[in-house]
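First up is the structure itself, then whatever we jot down about it.
The values are calculated or read from the model by the stated rules, or taken from the named source; none is laboratory data. Quick caveat, the model's predicted, so the values are computed rather than measured. Please note: Cβ atoms are built from the backbone with ideal geometry, for glycine as well, and neighbour counts cover all protein chains shown. Just the protein is used for accessible areas: all its heavy atoms, side chains included, with ligands, DNA and RNA removed. Shrake-Rupley method; radii C 1.70, N 1.55, O 1.52, S 1.80 Å.
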Amino acid sequence: MGEGNSIIKIDLSGISQPATTLIEKVSDAIGGLFKPFQIRRVAEAEADAEKITAISQIKITELQYRAMSRLVAEEAKKQHNIESITLKALPDVEPNANPRGMNDDWIANFFDKCRLISDEEMQSLWARILAGEANSPGKFSKRTVNVVGGLDKSEAVLFTNLCGFVVTIGDPTPLMFDVNGGIYRDASLNLDTLSLLETAGLIHMTGGGSDYMRTMPQKSLVYYFGRPFSIEFTTPQREAGKYQLHIGQVIFSPAGRQLKSLSNAQARGGFVEYVMAYWKKYGINMVEHTK
C-alpha cells in the first residue's frame with residue numbers, strides 16, 4: 001500500500017476534550033474517523049456482492065476487477081486525506097472551543113472540498129480552517145471554504161506573499177500602490193499574478209491604476225505586524241474632518257479577509273519605508289508610535 005494510503009495511528013486518550021468533541025462532531029457529520037479499515041470493509045463487501053451478481057450472469061471480467069480495485073484505492077486515499085487534515089487541526093483547537101456548534105452542512109461541504117488534498121502544506125491550510133471553525137463556529141463561511149477549494153498551491157503561496165504587505169487600518173488592508181513595482185515583484189506579485197488572485201475570489205482590484213480610498217480622522221494609528229505607527233494628515237481636505245487615505249489598488253474580498261489570519265505571512269523588509277514615502281506625497285506623515 002502506498003504512503004498516501006497508509007494507516008493513520010493516533011492515541012486519542014491524550015488530546016483535549018474540545019479536540020475529542022471535534023472528532024465526534026466530524027464523525028457524526030460525515031462518518032467514522034480514524035477507523036482505517038472501515039471504507040475497505042465496505043468496499044470489499046460491495047465488491048463481493050457485485051462479483052456474485054456478475055458471476056451468476058457471466059464471469060467477472062478483468063476490466064470489472066480493475067474498476068473495483070481503482071474504486072477501493074480512491075476511497076482509501078480520500079479517507080486518509082480526511083483523517084490527516086482532522087489530525088493536523090487538533091493541536092489548534094482551543095480549550096474554550098465549541099465544536100458542537102459547528103453546522104453539519106458546513107462540515108460536509110468542508111470535507112467534500114478537501115478530501116482530494118494530499119499536499120502537506122495545503123492540508124495544513126485546511127486544518128487551520130477546521131480548527132478556526134471549531135474554535136468559533138461561523139468564522140469561515142461556506143463561500144470561503146469553496147474559494148479555498150478552488151485554489152492551487154501556487155495561488156495559496158501568492159496570497160501568503162500578498163499578506164506580507166498588509167497593514168491594519170481598522171481592518172487588515174493590503175497596500176499595493178504600484179502593482180508592478182519592484183518591492184512587489186520581489187514577492188512574485190504583479191498585475192498578472194494579482195489578476196489570478198482576483199479570479200480566485202480572494203481580492204478585488206480597482207483597474208486603471210487608481211487607488212482605493214478610505215475616510216480617516218486627521219490622526220490615527222495603523223499597525224504593521226504588530227508595530228504601531230501614527231499617521232497624520234498635514235494638508236487641508238476638501239471636506240472638513242474627512243481625510244482620504246490612499247490604500248492602493250487592491251482590497252480583500254470577504255473570503256480573502258477571512259483567510260488572511262491563516263496566511264503565516266512575514267513582514268517585508270523595506271516596506272514600512274516604502275509606505276512612508278508614498279503617503280508623504282499626499283501630505284501624510286507616518287512615524288513609528290512610541291508611548
Give me a comma-separated list of calculated 3J(HN,Hα) values for segment 220-236, in order, Karplus coefficients 6.51, -1.76, 1.60 applied at θ = phi - 60°, integers in Hz, x for any Gly or Pro.
6, 10, 10, 10, 10, 6, x, 7, x, 9, 8, 10, 9, 7, 10, 10, x
Quick check: net charge around V272, other residues with Cβ under 12 Å of its Cβ, Lys/Arg +1 and Asp/Glu -1?
0
Accessible area per residue for segment 159-258 in Å², computed with a 1.4 Å probe and the full protein assembly in place, what is it?
46 Å²
By the mean-Cβ-within-10 Å protection proxy, highest first, 183-192, 17-26 rank as 17-26, 183-192
Tell me, what is the percent relative contact order of segment 159-204, built from C-alpha pairs under 8 Å that lie six or more residues apart?
30 percent
Two-site FRET efficiency, D119 against D178, from Cβ-Cβ distance with R₀ of 22 Å, rounded to 0.05
0.10
From the cross-link list K142/K219; K25/K77; K139/K280; K88/K142; K260/K281, which pairs have alpha carbons spaced over 27 Å apart?
K142/K219; K139/K280; K260/K281
Amide hydrogen neighbours beyond the local backbone of T173, cut-off 5 Å, H modeled:
V167, T168
Given a Förster distance of 45 Å, the FRET efficiency implied by the Cβ-Cβ spacing of D192 and E24, rounded to the nearest 0.05, works out to 0.50
Once you place label points 7 Å from the Cα toward the Cβ at R70 and N98, how far apart are they in nm?
4.6 nm
When you take every Cα atom in segment 165-263, what is the radius of gyration, and what is Dmax, the widest Cα pair distance, in Å?
14.3, 40
May I ask you to evaluate 6.51 cos²θ - 1.76 cosθ + 1.60, the Karplus curve with θ = phi - 60°, for each residue of segment 254-263 and list the ³J(HN,Hα) values in order in whole Hz, giving x for glycine and proline?
x, 5, x, 5, 5, 8, 4, 5, 9, 6
Once ligands and nucleic acids are excluded and a 1.4 Å probe is used, how much of K260 is accessible, expressed in Å² to the nearest 10?
50 Å²
